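What follows is a set of notes on a single structure, which appears directly below.
What follows draws every value from the coordinates through simple rules; no lab data is involved. Model, not experiment: these values are computed from the prediction. Please note: Cβ atoms are built from the backbone with ideal geometry, for glycine as well, and neighbour counts cover all protein chains shown.
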Protein chains: 2
Amino acid sequence: MIIKVLIGVLCGAAVLTVGILIGHYGITKSSGSAPSWVKDVVKDVDETLIERFLSEVDNIQIQENLRELTKVPHMATTAGDEQTVQFMLKRWQDPDSGLDQAWREEYLVYLSFPDPKNPNKVTVVNSSDAVLHTVREKEKPYTDDQKDPAVVQPYAAYSPAGHPKGKLVYANQGKPTDYEELNRTVDLRGTIAITRYGGAGRAAKAINAAPYGVIGVLVYTDPLDINDGLMSDTNETYPHSWYMPPSGVERGSFNTDYGDLLTPYLAAKEETYRIPVKNITGIPPIPIQPIGFEDAYTLICALGGKEVPATWRGGFNCSYNYGGPGFKNTSAFYNSDVKLDIYNYEEVKNSSNVMGIIRGSVEPDRYVIYGNHRDSWVHGAIDPSSGTSVMLELTRVLGRMVKQGKWRPRRSIIFGSWGAEEFGLIGSAEYTEQYYSKLSERTVAYINVDIAVFANATLRASGMPSMQNVIFQAAKQVKAPGLDSTSVYDNWKRYSNRTSPDHGLIPKMGYLTGAGSDYAAFVHYLGITSMDISYTYDRTKTNARIYPAYHTAYDTFDYSSKFIDPGFVSHQAIARTAGNVLIRLADSLVLPLICSDYAEVLESYLNTAVTLYEDQLKAKGISMEPLKRAVTSFRSAATHLDQVIRSSDLANETPLKVRRINDQLMLLDRAFLDPLAFPDKYAFRHVIWASSSAGKPTFPGLADAYDNANPSGQLSDWEKVHYHLSVLSQAIEGAAHTLVDVI
Amino acid sequence: MIIKVLIGVLCGAAVLTVGILIGHYGITKSSGSAPSWVKDVVKDVDETLIERFLSEVDNIQIQENLRELTKVPHMATTAGDEQTVQFMLKRWQDPDSGLDQAWREEYLVYLSFPDPKNPNKVTVVNSSDAVLHTVREKEKPYTDDQKDPAVVQPYAAYSPAGHPKGKLVYANQGKPTDYEELNRTVDLRGTIAITRYGGAGRAAKAINAAPYGVIGVLVYTDPLDINDGLMSDTNETYPHSWYMPPSGVERGSFNTDYGDLLTPYLAAKEETYRIPVKNITGIPPIPIQPIGFEDAYTLICALGGKEVPATWRGGFNCSYNYGGPGFKNTSAFYNSDVKLDIYNYEEVKNSSNVMGIIRGSVEPDRYVIYGNHRDSWVHGAIDPSSGTSVMLELTRVLGRMVKQGKWRPRRSIIFGSWGAEEFGLIGSAEYTEQYYSKLSERTVAYINVDIAVFANATLRASGMPSMQNVIFQAAKQVKAPGLDSTSVYDNWKRYSNRTSPDHGLIPKMGYLTGAGSDYAAFVHYLGITSMDISYTYDRTKTNARIYPAYHTAYDTFDYSSKFIDPGFVSHQAIARTAGNVLIRLADSLVLPLICSDYAEVLESYLNTAVTLYEDQLKAKGISMEPLKRAVTSFRSAATHLDQVIRSSDLANETPLKVRRINDQLMLLDRAFLDPLAFPDKYAFRHVIWASSSAGKPTFPGLADAYDNANPSGQLSDWEKVHYHLSVLSQAIEGAAHTLVDVI
């Protein structure tokens, strides 16, 4: 009986099992089984992969990248530049650690060079044209780097050639107010003005001068502004420290607008229409030349005339005088002129971007772009090769994961090694012009890492407020260089912080309001959510305007490895932080962009605007209510969208819902664009981040229009304020519409 | 035993069944069962539903809609307009056949009206100011419609008020060449010019006149241009036929630019910045007034001076003379002046759009917009209420399906009943300005049905070439009105056709190159793929410029039901065709937009441009190669994308792939926008469809720039040609980039 029961139970069990098997495998469920892509489309960022990435980023690899990139000077379109193109291509096409694809894209762009056969000269000449003093033509060599014949003579790119000769005057920083003030004391007609770097843009120092009859300009870096006052190369300056040697000269592009000057808003291809050279605006109308402070000392300390106000003084141990005009009668140069012999010439040359991609698996039509320029003025170990070394390390680690089949991002990643940035962000600008439509349609974010390490104290990050959270998140996961148990985030918060109404005490992020690096076209022309990060100074230790070797022949591997980031651990921290952000932007199911962080900034801008302008605007019959309503709409739409994201189980809903939300987040910045917002600077179309001369922490166009109308008092100027208020309110309302429920 | 076996078998079966059930329902398959949304996201358009829709569209419903809409005149912002607003809202908010949601949106817009207390007057006065003739102030009544006190006096909206008096001259159509020619014979200073409609825009007739010293303009509709020569209201004109009675006057908006004139590119809200009235451009600088041909006959036949050329003559049985200036000596008006007393005034008034939506189920963030204006000049039975009646029938049929839970479109549908179109497409333009960002980001297509039926002979369709196929497809499924076994498509092909390189003999579709109706802002400002359809004339039977009651007090239900579409079957055919297109755009898995049909048009434009311009451009050193390369890139990208769509099994691939392809198709037209393409007409930014004065079947900006440079021969004008060629080539390349593989 037991056996029978046993057999019966066993048979029953067997039949049950067969039934279960038939039921499970033999019958298709009415709803069907899940297609294979279901799993892929809901995949989120993989924290293990991020940890692996962080651990694989190697400081020594970065160091060796830098060594290779800085072997020779690589100014745009030179042989040295071409060497770096080849190096990038080799690395990005490497079968084991390269990208899916890499290639070069060329543009024919308008550049300006000194003539190697006729070097620019600055001399002091007496009335019989005898030369009393000649300004140094090349920087003094301390290592072999400075002796490289490819080191370009210091010059002001886009300064016209010419041979002005006249009495010297000192014009402080060359700001409009400086020339105005100087002109009250000295008749500036026919003079040469010497100015110091800072306060005004490079080109502006000459543009501001010309209306007063100034015929030539010199510019130098005052030791007070760059060297914390130090001047001696026997023990104080490089190679003894990071400070600029007396003969060091900051080169630079002396233009105002970014992008190729002959083809505004058109990609500079062979048969593209080019404007006549005479129609170029924003470049010096008179010759200008940068010189070292060694020579500036000789010239300035010999100047006659009245002593300048305290704010005009630099670090020289002599009286700064306006100039008689010209030199004082106790000087050997008395009655002598300063003469500029500028032989710069312009040439349309072929500049290359090097592009590389990792194709996205799930949303290949969404791009995260990561870029930096490749061209330097000389060896450019810091500017830009610190950033390029970091980028190459990122692509090595990510490329290897891709080649090994261990990873493929959800979205596509595009790497850009831009050409000719030093001449005016040209490579990146031309790229955005050529691919305007598809980049606008598809780009989730742009990450710019130009100078990766200015100094080794703390992180510095700037960007759209919606990027704040992902930068914080990434920085929290990276160890601060040189500190055992502190994160990059905590260290940053220690150096620079603010109290946010929404988040309390947090690190202070900057905004991308200017056109200081290749993010400019992405931010201001395309309205793409962008960020720029670097490691930077301890401001309690230096007042240097920027790292002292900037744009000089001393910005070398030797300098960087000794004085900027020995061991390259700050480079490594930037690679980890930027790479972490990159992976999160590329892999997250929901884009890690927090729109309510944007609302916080708009509210702060609004408060400032109300405080500064409302009374006066009311008096003029201009209401700020539409702007207030727009900011309120934005906040409410942002809060709601945040809430939808938090409360949705997006991994289990249709992937089209995630895509919809991501599109709202991606296109948020695009909504702030208005090509009519800034009639006199079309390259700036983002109403929140455009450049501004008002220097107020508020909406740039409103601040500038107000600053223009208030003194002038003209009705037409107040109308411009009102107009801009309407443009601004409509753009913010438009951004709010992008965030509210789609229908 | 049998029982035991039976019990055993039954038990076994029961156990097996339990097992099957457990296996099927109790255990999740390793791959997971398909989430419920999988079925929804791959759903394609349902042909049964389309058949149902077609069968439910009812001609009598359309007729009754029209009867209701045309009870009283409904000029923009009048009480009659408000009645139609209420009617639309009632219908769209109907619980059984309404939309998901409907509401009104208001704009404060700048309009122009005659003064009811001081009607505009046109008189002939002799030298002692005695009135010899007074032009009729209102049209002659034939039915009660014309007697309605709300019938607005014929006037020229935006004509300035004023009281010019002078000798009369005849200026043909008021084109620049007409005044030039006339000025060779007559001193035009101080004269009043009478012109006929046609040949030039309304405002242009006055704008072109003023530089010659003309001080006032009259405009009338010549019987030759509108009535096939017929003139008599005893038996030839309405109410005896569709022809315009002698006192009929075409009203109209006499402006050049579309959208509210005081708030260009800004939505006209209460506190929006408004430009000073004196800064308005494109409106008549001198008074102008439209009159009937009855009065025009009296004036023109009395003119002195030389006889005009044959092409200037209209249908009057008298000699058309230039004017002495003034009347001939055999006329009772000899030596008399014509005097205009124009009392038009401008006012900022509240105009409403009525908006309604059906929310999309799968992609609510993709919009198909269907619109028409609501405002008329008088009763507007044809313009625009034929279109509104059709729209209301569409929303009734679709709304009912939605309310009954039988249908919900994949994408969202937005219906727009625009206000103040007659004054310059104002409601639709303000809407696109207010919602610029989200409409640009999300709109798949815009369908405009303004005048649904001009006449009952054949379909007429205009639109972007990528829409051609879906229009054809829809037209093939609709029976041509009045023809038993012919489709709308076949009937259309019989009336108007072309031989396409890709498709052979097909109906000829038009392009949306002008700003004739509310599609303008969608096409030219937002770059949204659009179409406009109607039923229209048999051109072998009439040469009328347009249906003869256009903008007169005779455009009534009586007129339409007797002479335009008795039985409303052409209205029904338009409702079926447009609705079919609408459903396909809203429901298709892959958007029914064929990009290679766009390539065909670009190639045809290129061929024309090469034939017309290449030799001369070469001689000027301007290469057309970049344009040729761009068109080739476009064709190749379009062919490839078509091929990807055809060869993919999209219903079984990730929905993000379909979305990606749909985004490429949706954004194609956006890529043709360039805000810098037409510096003097910013509202036109689509480089392929912008308005053009050259009248050549090629790229509008190129043709206009060429036509400007060729006679002038100035270098700067040839540079503009070159510049536009670069803009155009870059835009077409950009469109190609939108279509090629995304990465």
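Tabulated data
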item	result
Theoretical gain in end-to-end length, A:Glu347 to A:Asp228 [0.36 nm per residue, Cα-Cα removed]	39.0 nm
All lysines inside 16 Å of B:Lys628 as judged from Cα atoms, apart from same-chain residues fewer than 8 positions distant	A:Lys269, B:Lys618
Beta bridges per DSSP with both ends in chain B, % antiparallel, nearest 5	60
Subset of A:Lys403/B:Lys43; A:Lys43/A:Lys476; A:Lys117/A:Lys681; A:Lys657/B:Lys403; B:Lys121/B:Lys681 violating a 32 Å alpha-carbon distance limit	A:Lys403/B:Lys43; A:Lys117/A:Lys681; B:Lys121/B:Lys681
Cα centroid of segment A:275-333 to Cα centroid of segment B:436-503, whole Å	73
Sequence-separation-based contact order of chain A, relative, with Cα cut under 8 Å and 6+ spacing, percent	16
Chain A: mean projected area of Cα convex hull, nm²	40.3
Alpha-carbon Rg/Rh ratio, for segment A:181-254, with Rh computed the Kirkwood way	1.08
As computed over segment B:222-322, the Cα convex hull volume per residue (Å³)	161
FRET efficiency estimate (nearest 0.05) - Cβ-Cβ, A:Arg539 to A:Lys140, R0 30 angstrom	0.55
Inter-chain shielding of A:34-40 (mean C-beta neighbours from other protein chains, 10 Å cut-off)	6
Packing rank of B:382-388, A:339-345, B:224-230, where each peptide gets the mean count of other beta carbons within 10 Å, highest leading	B:382-388, B:224-230, A:339-345
Cα-centre dipole for segment B:588-704 with unit charges at Cβ (Lys and Arg positive, Asp and Glu negative), debye to 20	180
Cα-only radius of gyration and Dmax that characterise segment B:388-445, units Å	14.0, 40
Spin-label pair A:Lys562/A:Thr48, simplified geometry with 7 Å Cα→Cβ offset, distance in nm	4.7
Extension gain (nm, one decimal) between A:Arg494 and A:Ser623, 0.36 nm per residue minus Cα-Cα	42.3 nm
Residue mean of other protein chain beta carbons inside 10 Å, A:652-658	6
Segment B:115-343 - percent relative contact order, Cα under 8 Å, separation 6 or more	31
At 1.002 mPa s and 20 °C, Stokes D of segment B:157-208 from Kirkwood alpha-carbon radius, µm² per second	186
Residue-averaged [θ]222 nm for the protein assembly as shown, counting only DSSP H segments that reach four residues, each worth -39500 (n - 2.57)	-11000 deg cm²/dmol
Rounded Å value of the spacing that divides the Cα centres of segment A:163-188 and segment B:67-100	71
For segment B:435-513, the fraction of alpha-carbon pairs in successive 10 Å shells from zero, as %	16, 46, 26, 11, 1
Calculated diffusion of the protein assembly as shown, Stokes-Einstein form, Kirkwood radius summed over Cα pairs, 4 °C and 1.567 mPa s, µm²/s	36
Overall dimensions of segment B:472-576 by Cα: Rg and Dmax, Å	15.7, 46
At 7 Å out from Cα toward Cβ: B:Asp502 inter-copy label distances (nm, ascending)	4.6
Where only C-alpha atoms are counted, convex hull volume of segment B:508-627 per residue in Å³	191
Descending semi-axes in whole angstrom, ellipsoid equivalent of segment B:34-123, from the Cα gyration tensor	42, 19, 13
Directionally averaged projected area (convex hull, Cα atoms, segment B:573-624), nm²	5.7
Pairwise Cα inverse-distance average, inverted: Kirkwood Rh of segment B:595-739 (Å)	16.1
For the protein assembly as shown, size of Cβ-based charge dipole, Lys and Arg +1, Asp and Glu -1, in debye	1840
Equivalent ellipsoid semi-axes, segment B:115-343, via Cα gyration tensor eigenvalues times 5, rooted, Å	28, 23, 17
Extension reserve of the A:His503-A:Arg184 stretch, reckoned as 0.36 nm per residue once the Cα distance is removed	109.8 nm
Cα-centre dipole for segment A:55-153 with unit charges at Cβ (Lys and Arg positive, Asp and Glu negative), debye to 20	620
Approximate spin-label separation B:Lys147-A:Glu307, in nm, with each point projected 7 Å along Cα-to-Cβ	10.0
Test item: B:356-364 mean partner chain Cβ contacts at 10 Å	3
Spin-label zone in segment B:565-599 - amide nitrogen under 13 Å from a point set 7 Å from the Cα of B:Arg646 along the C-beta vector	B:595-597
Nearest-first distances (nm) between copies at A:Asn329, label 7 Å from Cα via Cβ	9.4
Cα centroid separation, segment B:386-431 to segment B:556-630 (Å)	22
Nm distances between copies for B:Ser647, ranked from closest, using label points 7 Å along Cα→Cβ	4.7
